[in-house]
Amino acid sequence: MIVCLAGGAALFALRAWADPDSTTPAEGIRTNPPNVHALTNAKVVTEPGVVIENATVVIRRGVIEAVGGDVRPPAEARVWDMTGRTIYPGLIDGYGEIAIPADNQSTDGSRYWNGQVRPERRAAEHFRPDATTNRKLRSQGITARLIAPSDGLVKGVSAVVTTGDDSPHEATVKADVALHLRMNPRPDGGRGGGGGPPGQRLDASPTSPMGAVALLRQVMLDAQWYDEVWKAWRADRSQAAPEKSISLEQLNVWLARRMPVVIDTSSHLYALRADRLASEFNFPAVLRGSGREYRRLDAIAASGRAVLTPVSFPRAPGVATAEDAEDATLADLMHWDIAPENPARLAAAGVTIALTTDRLEDAGGFLAAVRQAVKRGFPARDALAAMTTTPARLFGVDDQLGTIRAGRRAHLFVTDGDLFDEKTRVMETWVDGKRYEVTSATPVDPRGKWELVIKTSDDQHQSFVVNITGEVRRLRGALTLPQPAGAQDEKEKKPTEITLDKLTLTRRQLSAQLKTESLERPGVAMLSVTLGGEGEEVDRGLGSIVWPDGSSTAVALARTEAAKAVDEKPEGSESDGEGEAQPAEGDDPPRRGRAAP
């Protein structure tokens, strides 16, 4: 299978997204980084349900040029060998917020009388990339996200931005995506940044959900009235012109465009109220979910509204003491138990959902939470769609993001296994053709049997057997001493083993600690061996051992048996206090659990 660029639209896309040549003189030494890349020998999931084995993805100037099993890397491309890797479309975070500071009153018209109504605010105008946030999102495979103003009842308009470390302009995929409403006020009546003089808080009223809904209805009615008054004046200008309101005018602009309206819902009941508001004023609504939609699933499904679905599953209620147990209500226990099934239940009911890091304590736990939802019945294909094609379509960027196709922006990420396997790692993320390393790839698998040769004090050499097992990320190892010459007793014939503690592999450096009483050097020694070098064979290594007295001795390591003969127990399968026991084949999976924080 091969997909190549064709047509003027695709060529226009290439030119539109290409980095333009700058007329600004470069400071220091001018660099010319490669702008053509070929990711070869990979399993490529081009979109949910579509997989190409042993494929190549060609990226040119930030845009996917071709993808397929018979694609040849261009001669000028930098080639990245992805053998054993899987490439997925970059994930899209369905919801995020940014704080917008208070601004001055405009001179070309008034604003709405209540500071919690600011439809004229645009997140794209205030967006500034945050390197720390972007790094964490990229570690989850997220290459783009929706950002909305955080405060107010009519909060303003969101944008889709990338998680790349580019300028705000370069990182903005779509400036105006959706209008955002909130149906209940914040407890403090707003955190500032509303629309009055600098530093002034948002209006404190309304302070109740009833008042908030009433104000939203009033705003919609005022917008309708404002539109009619101006139409009447344009038809007969003999009367004085009406007062110009920036807020109402901009609200009518957004509604006339049939722009999606995202309504925050703090519970399943607010989801139904949001549906009634959207139906009354006939605008296309998307619900910012609460995670409790399963409580009124039939009614929410019947509304036909898409839901931006969080995966912030609750922690287990504390029952360590009698007082804690009394405070744990049945509702809390039920929500803890059922919440991870919320995405699966919504999908089964036919609700369009887009997953989001919204409400998570730590966005770095996003994939762990999604995997928990998959374990609890959310089909993996639907889960991938809820992070790629569905949000791309909802936000109107499906011609740029969500799939790996020729002409799309080069947003993708690379894993070392199936995305929904709990042991799979995100290795690297590509945002607009720029590579961001997430996890350093291990260049060698150290598991197997080795011969360790240590130089002795009398300039002789002593050989030992080193056996390394376990997972690459959690190695176990032991050093076996040779049997004493002429040993007769059965106890003497049994080889002595020294456990290699803190055995780790960092790139090509293997290091461990070992107790050396059996080597007639009481204390703890430090072993460090570098396995080969760049381009060299990695079945041999040189290093040193630092003895308890501070002296060091040169050592050599050579592989004698490949890793295929190694006992590879699943990570967390032993009683080490980490991981949960897995059910036997055929058993029902455990119903209770929680996402990583």
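General remarks:
- Per-residue extension of 0.36 nm, minus the Cα-Cα distance of Thr83 and Glu326, leaves a gain of 82.0 nm for this segment.
- Rounded percent of accessible protein surface that carbon and sulfur make up, segment 234-352, 1.4 Å probe: 49 percent
- Percent of alpha-carbon pairs separated by more than 18 Å within segment 406-475: 62 percent
- The local environment of Ala123, defined by Cβ-Cβ distances under 10 Å, has a net charge of 0 under the rule Lys, Arg +1 and Asp, Glu -1.
- Stokes-Einstein D in µm²/s, Kirkwood radius over Cα pairs - segment 330-443 at 10 °C with 1.306 mPa s viscosity: 101 µm²/s
- Cα-derived Rg to Rh of segment 222-329, Kirkwood definition: 1.25
- nm² value of the averaged projected area, convex hull over the Cα atoms of segment 103-185: 6.6 nm²
- Scattering curve values for segment 262-419, log₁₀ I(q)/I(0), Debye with Cα scatterers, q = 0.11, 0.17 Å⁻¹: -0.49, -1.04
- Sorting the segments 281-292, 497-508 by their mean number of nearby beta carbons within 10 angstrom, highest to lowest, gives 281-292, 497-508.
- Converting the Cα gyration tensor eigenvalues of segment 138-187 into ellipsoid dimensions via √(5λ) gives semi-axes, longest first, of 25, 13, 8 Å.
The values are calculated or read from the model by the stated rules, or taken from the named source; none is laboratory data. Being a predicted model, the structure only gives us computed values, none of them experimental. Cβ sites come from the backbone with ideal geometry, for glycine too, and all protein chains shown count toward neighbours. Surface areas here come from the heavy atoms of the whole protein model, side chains and all, with no ligands, DNA or RNA. Shrake-Rupley method; radii C 1.70, N 1.55, O 1.52, S 1.80 Å.
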